[in-house]
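Trainee: Next up is a structure, given as structure tokens.
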Amino acid sequence: MKHYNMDTTEINFNKLYDRLCLLNLEEKYQEVKPLLDNLTQGSTLIMATGGSRGAAYFLSLVLDAKKQISEVIEPRDFFYKKNIDSYQNLVAISASGTTNGIEEALTLFKGNRFLITENPLAKKDDFSTFIWSNTSYLEQKENSFISLVPTLAPMFLFLKWANEKEIGDLSQAINMIRQAKDEIENFPFSFDKMELLQVMTGYDTKVSSGILESNLTESLGLPIILHDKGDFCHGRSNVLYRHEQSPLFYLLHEPSSLDTLLLDVLKKEYPNIFILDTNSKKESSMITREFYLSLKMYYLSKKIAEDKKRDLTCPDYNPNVVKKVYRYRGEM
């Protein structure tokens, strides 16, 4: 069955820039900055699931750059961890604000509690809520199975918090969307016959690789394997050996000696090695470069979906499974 109540991939991507403009992100940043500043006082748990995990991992990367300790968890994890009291902050990122377990975790947590959401109805008295949407956006909000605006809007805000001077006015920063689109538009490979995708990633590309993995797994149902560059040197190269025709995306910001070695070896042995880098943003910080690579992953997801003749934001699904598990609200 198809999600017929969703807008198509083409509609959602065509409207992405305009929808972000509607949010008045510069004004929203002034609202959320005090909340984010509080996260520099003590360690932080960041709770998210599905598409929101991209924003969660990006916030964690920003906190790391600010020399703060953080950990990304699923809502379910909160109820199993024994060291919850050792964290001073809990941030939940959820477009709906109603993901199973989030409200209960925010209520139970003893430290500073924040919910970052699209949904004005998710606001509660028990914890602080930042609503990144506004009336203009909600009147024509995104209707999509994957998260475009619901992931990227918080990420833009975290990006500015990471480096206000470099980013400047967010209304101008969103032009990076068009730049990313242009870089991917003529990607030199057709994915129509692809059965497996492999991705080489590392600490500095964890956000971008995770966004690509989430998009392709949840919406297109395509097998995708993420290889840590270090792990690849210890046995994971056997996957590429067994699937030598599968494309491998090598995600890269600043090449290390390990990157140079891996690329030299792999290009000699396998035909479909593609480097996805941020050379066009060489003068930018690593945080900005990883944000930009994440944008490219969205447009690469779109390119793969088009080649496979599948809809990225309005996918097929099994109603006997999805309708029973997606809205589960019981014990975790």
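Trainee: Excluding Ser257 itself, calculate the net charge of residues whose Cβ lies under 14 Å from the Cβ of Ser257, where each Lys or Arg counts +1 and each Asp or Glu counts -1.
Mentor: Taking every Cβ under 14 Å from that of Ser257, the sum is -2.
Trainee: Report, in debye and to the nearest 20, how large the dipole of the range 9-175 comes out about its Cα centre when Lys and Arg carry +1 and Asp and Glu carry -1 on their Cβ.
Mentor: 320
Trainee: Turning to a different aspect of this structure: Please list 34-42, 143-151, 182-190, 96-104 highest first by mean number of surrounding beta-carbon atoms within 10 Å per residue. Could the numbers behind the result be given before it?
Mentor: On the way: 34-42: 15.2, 143-151: 23.3, 182-190: 12.2, 96-104: 18.2.
Ranked from most to least packed, the peptides come out as 143-151, 96-104, 34-42, 182-190.
Trainee: Compute the angle between helix 286-307 and the longest alpha-carbon principal axis of the chain, please, reported from 0 to 90 degrees and rounded to the nearest 10.
Mentor: Roughly 70 degrees, rounded to the nearest 10.
Trainee: Show that you can apply the helix-only estimate: for the chain, add -39,500 (n - 2.57) for every DSSP H stretch of four or more residues, divide by all residues, and state [θ] at 222 nm to the nearest 500.
Mentor: Working: 16 runs with 146 residues, N = 332.
Result for the chain, helices only: -12500 deg cm²/dmol.
Trainee: Quick one: putting +1 on the C-beta of Lys and Arg, -1 on the C-beta of Asp and Glu, what dipole do you get for the chain around its Cα centre, in Debye to the nearest 20?
Mentor: 480
Trainee: Right, another one. Where both partners of a DSSP beta bridge lie in the chain, what percent of those bridges are antiparallel, to the nearest 5?
Mentor: Given both bridge residues lie in the chain, the antiparallel proportion sits at roughly 5 percent.
Trainee: Mind ordering 283-296, 116-129, 45-58, 202-215 by average Cβ neighbours within 10 Å, highest first? The partial results should precede the final answer.
Mentor: On the way: 283-296: 20.9, 116-129: 16.9, 45-58: 25.4, 202-215: 23.1.
Ranking, from highest mean packing down: 45-58, 202-215, 283-296, 116-129.
Trainee: For helix 25-38, report the angle its Cα long axis makes with the longest principal axis of the Cα atoms of the chain; keep it between 0 and 90° and round to the nearest 10°.
Mentor: 80
Trainee: Quick check on packing: order 84-93, 257-266 by the mean number of other C-beta atoms within 10 Å, highest mean leading. Don't jump to the answer; show the numbers that get you there.
Mentor: On the way: 84-93: 21.1, 257-266: 13.4.
With the highest mean Cβ count within 10 Å placed first, the list reads 84-93, 257-266.
Trainee: Further question: How big is the charge dipole of the range 193-307 about its Cα centre, in debye rounded to the nearest 20, if each Lys and Arg gets +1 on its Cβ and each Asp and Glu gets -1 on its Cβ?
Mentor: It comes to approximately 140 debye.
Trainee: Cross-link candidates for Lys206: which lysines have Cα within less than 16 Å, leaving aside residues fewer than 8 places away along the same chain?
Mentor: Those lysines meeting the cut-off are Lys229, Lys296.
Trainee: Here is the link list: Lys181/Lys302; Lys15/Lys181; Lys81/Lys123. Which ones come out longer than 18 Å on Cα distance? Walk me through the numbers before you get to the answer.
Mentor: Values: Lys181/Lys302 10 Å; Lys15/Lys181 13 Å; Lys81/Lys123 26 Å.
Table pairs above 18 Å Cα-Cα are Lys81/Lys123.
Trainee: Sticking with this structure for a sec: Check cross-link reach from Lys303 to the aspartates and glutamates: straight Cα distance under 13 Å, and skip same-chain residues fewer than eight apart.
Mentor: Cα-Cα hits under 13 Å: Glu10, Asp182, Glu183, Glu185, Asp192, Asp311.
Trainee: Another question, if that's okay. So which trypsin sites (Lys or Arg not before Pro) in the range 156-198 end up in coil per DSSP with only 13 or fewer other C-beta atoms within 10 Å? Working shown, then result.
Mentor: Details: sites: Lys160, Lys165, Arg178, Lys181, Lys193; in loops: Lys193.
Sparse-neighbourhood loop trypsin sites (Lys or Arg not before Pro): Lys193.
Trainee: Okay, moving on. Any idea what angle helix 149-162 forms with the longest principal axis of the chain, computed on alpha-carbon atoms, 0 to 90 degrees, nearest 10?
Mentor: The angle comes out near 80 degrees.
Trainee: Work out the charge dipole of the chain with +1 on the Cβ of Lys and Arg and -1 on the Cβ of Asp and Glu about the Cα centre, then indicate which of Val149, Gly97, Leu170 is farthest towards its positive end.
Mentor: Gly97
Any read-out appearing in this document is the output of simple, stated calculations on the displayed coordinates, not a laboratory observation. Bear in mind that the values here come from a model prediction, so they are computed numbers and not experimental data. Reconstructed Cβ throughout: ideal geometry from the backbone, glycine too, with neighbour counts over all protein chains shown.
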